[in-house]
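To start, the structure itself, in C-alpha cells.
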Amino acid sequence: MARSRKKPSRHDWAPYRAAERAVRPFKVHDTHRLALAYANRYEVGMSSLGFQRVYELVQETPGWTCERFFTNGFERRDHGMPLSVEHDRPLNEFGCVAFSVSFEEDYVHLLQMLDRARIPLRRRERDVWHPLVVMGGSCAAINPLPMAELIDVFALGAAENLLPAMLPLLAEIADRDALLDQLAATPGFYVPSRHDPEGRSSQRSELPKLRKLEISLEQMRAPGYLPTSCIVTPKTEFSEKFLIEMSRGCPEKCRYCWATFGMGKFRWHPTDFILESLERARPVTDQVGFVATAVGDHPEIARILTEAYDAGFRSSVSSIRIPAVKPEVLEPLHASGARSITLAPETGSDRMRFAMNKPITNELLLDKVRLIFASGMTQLKLYFIIGLPDETMDDVQAILDLGAACREIMLEHAAATGVIGKIHLGCNILIPKPYTPWQRESMDDEKSLKRKIAVLKKGVAAMPNVTLGTMPPRQAIWQTYISRAGSDAADAIERVARGQSVASVLREFDHRVHPEVFASFPRDLRWHFLRMG
C-alpha cells in the first residue's frame, strides 16, 4: 500500500491571538479593510510602536478595519500565501497593502511577501485586480528611490497626518489611475508613476520638492494624542511591555544619525499625558517601556519613572543619552527591576567623538558608568561605530581601552556586592545615510573593516565578562547600497528576494554598487527631491 503524503501544515496564528491583550476593544468588521504589513516577523513588528500606532489609527477611523501581516504567517510552511493575524485572510484579497518599513534590509522581505501572495513585484506589472502597494515608515522618507520601481505609493511622514487623507481616497476612488493621480496631488505622498525625480520619463513635468509630514509640537501637546501600545503580548522583543513614546527628535546632532535631522527639532510629550496613559496599561500589564530617540532628555523623566514605580509598574527605557544618566533616573529604574542600561559612546576616543559632533569626553562617560554600577545595575551595553571618516587603528584600539576601563569599574563594585556583571560592546559599521552631514562620505573599504574587526575580536577575547557583537562588512555594503542608490537598485533587491545570495548579487552588480558605496557623492544628491519637515 502506498504511503499517504502528509498535507503541508498551515501556519497557526491562534496561539498569537490568544496571547494578545488589547488595551481596548477593536472592531472586527467594517465597510473597508486595510492590510497592514510589517516586512519582518511578528515578534519584531509588534515591537514597533509606530506599527502599532498605525493599526490603532486605522481601527479608530469610521468605516475601516485593519488586519496585520508578518513574514511568519503564511498558508503553508513551504512559502505559501501570507495570512492575516485577525482572520487568516489572504493578503491578495485586500484592495490596499500598506507596509511599514524601518530597515532597508527588510525590502527583501517585503518583496517576498508580495511574491508569496502572487502580487507582481514590479508596479508596472500590476493592474486593477491587484492591491495598491503603499510603503511608509522611516525608509520611505530617507530615500524611496531604490524601491520606486516596486512600490505604487510612498507615504512620507507620520501616520497621524497621512491616514486622514489616504483612507477617504481609498474608500471613494475605485479607478486605480484616478486614485494614483489624486494621491500624487496630495501633500505627503510620492507616487513614482506620476512623479519623476530621476528624469526617466520623456513626459516628465517639473517636480516640486515633496515634503515629509512630521508631527508638530502643537499636535503632541493636544489632549488625547500620545502614541502607546494598543496590544500587549509576550511574543515580542519587549515581552509584556506597554510602550509609551516620550519624545520625538534628538537634542544631539551627530553627523552619522538620520533620526536627529530627519525627525525635526527635539520635542517631548507632556508629563501628565504620559502618566495618565499608565491607567490604560493597568488592566493588561504591570510593565511599561519608555521609548524615544532620547528618552532621558524628557525634562521630567525622573518624576515619570518615580511615579510609575509608585503606581506599581516595572519600568525600562530604550538607549539613554550619556548626559541623561543621573541618580534620580537610575534609582527608580533599579527599584522597578531594571538591571541593564544601554549607552552609545559611538567611539572610544574623544577626538573621534568630537569629530562626529558628539562633545562628550571619556572622563564624563566613565563617571556615568560609575553611577550605573553604583546604582546596582549589573549589565551595561555600549554601542560603537567603526569605519568613520579619518578613523585610525588607534581609534579602534581606544574602543577596547574604554571597554577595559568600564570593566574595571564593574569589578570594583562587584567586589562589594559579590555579583559580577557583564559588558557588551556592540560595534556597527558607518552607513553614510541620506540627510545627514556625512551623506556624501564613502564607506570604509572592506579590507580595512575586516582588520578593525579582527583587532576588536582579539582584544575582547582577552577580557572576561566582556562580549562583542559586530556587523559583517558585506551586510554594511549591501545596506549602504540600498539606502543611497537610485531606482535601478530594484534589479539587485529583486534578485535577493528571489533567492540569490547577497554576496552573489554584490559581485554581479559591482559596476553599480562600487560607485554608490565606495565613492564620495556628487554635489546633486538624488534624494533631495524630498524635503524633511
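Out of everything in region 222-233 that is in a loop (DSSP other than H, G, I, E, B) and polar (S, T, N, Q), what residue ends up being farthest from Ser319 (Cα to Cα)?
Ranking the qualifying residues of region 222-233, first place goes to Thr233.
Testing Leu150 on (1) touching a helix residue (DSSP H, G or I) at 6+ places or on another chain (Cβ under 6 Å); (2) without any contact (Cβ under 8 Å) to a residue 60 or more places away in the chain; (3) in a loop (DSSP other than H, G, I, E, B), one condition comes back false. Which one is that?
(2)
Looking at region 381-411 only, could you name the residues that are at negative phi, among the acidic types (Asp, Glu) and free of Cβ contacts under 8 Å to residues at least 40 places away in the same chain?
If the condition is that a residue be at negative phi, among the acidic types (Asp, Glu) and free of Cβ contacts under 8 Å to residues at least 40 places away in the same chain, then Glu408 is the only one that fits.
Among the residues of region 479-498 satisfying the criterion of being assigned to a helix (DSSP H, G or I) and open to solvent by 10 Å² or more (accessible area, probe 1.4 Å), which is nearest to Cys406 (Cα to Cα)?
For region 479-498, the residue satisfying everything is Gln479.
Open to solvent by 20 Å² or more (accessible area, probe 1.4 Å), part of a loop (DSSP other than H, G, I, E, B) and over 21 Å from Gly73 (Cβ atoms): is that true of Pro164 in this structure?
The answer is no for Pro164.
So which residues in region 444-463 are surrounded by fewer than 19 Cβ atoms within 10 Å (Cβ to Cβ) and either free of Cβ contacts under 8 Å to residues at least 24 places away in the same chain or aliphatic (A, V, I, L, M) (or both)?
Lys447, Lys450, Ala454, Val455, Lys457, Lys458, Ala461, Ala462, Met463
Of all residues in region 337-378, which are under 17 Å from Thr467 (Cα atoms) and under 24 Å from the mean Cα position of the chain (by Cα)?
Matches in region 337-378: Ser340, Ile341, Thr342, Leu343, Ala344, Pro345, Glu346, Thr347.
Kindly list the number of the only condition in (1) under 21 Å from Asn40 (Cβ atoms); (2) in a helix (DSSP H, G or I); (3) without any contact (Cβ under 8 Å) to a residue 12 or more places away in the chain that fails for Ser504.
The failed condition is (1).
Restricting the first residue to region 105-124 and requiring it to be within 12 Å of Met135 (Cβ to Cβ), which pairs with a second residue that is in a helix (DSSP H, G or I) and charged (D, E, K, R) meet a Cβ separation below 7 Å and a spacing of at least six or different chains?
What qualifies is Leu111/Glu494.
Could you tell me whether Met443 is outside any helix (DSSP H, G or I), in contact with a strand residue (DSSP E or B) (Cβ under 9 Å, 6 or more places away or on another chain), over 23 Å from Arg255 (Cα atoms) and not hydroxyl-bearing (Ser, Thr, Tyr)?
In short, no.
Can you tell me which condition Thr436 does not meet? The list is (1) polar (S, T, N, Q); (2) modelled with pLDDT of 95 or more; (3) in contact with a Cys (Cβ under 7 Å, 6 or more places away or on another chain), and all the others hold.
Result: Thr436 fails condition (2) only.
Taking Phe238 as the residue in question, decide whether it is farther than 19 Å from Ser138 by Cα and not charged (D, E, K, R).
The answer is yes for Phe238.
Of all residues in region 82-121, which are farther than 17 Å from Gly499 by Cα, in a loop (DSSP other than H, G, I, E, B) and in contact with an Asp or Glu (Cβ under 9 Å, 6 or more places away or on another chain)?
Residues satisfying the conditions are Ser84, Val85, Glu86, His87, Asp88, Arg89, Phe94.
Looking only at region 249-279, which residues are in contact with a helix residue (DSSP H, G or I) (Cβ under 7 Å, 6 or more places away or on another chain) and of a type in the set (D, E, K, R)?
Result: Glu252, Lys253, Arg267.
The values are calculated or read from the model by the stated rules, or taken from the named source; none is laboratory data. Everything numeric here is computed off the predicted structure, so don't read it as measured data. FYI the Cβ positions are ideal-geometry reconstructions off the backbone, even for glycines, and counts take in every protein chain you see. In case anyone asks, the SASA skips ligands and DNA or RNA and just uses the protein heavy atoms, side chains included. Shrake-Rupley method; radii C 1.70, N 1.55, O 1.52, S 1.80 Å.
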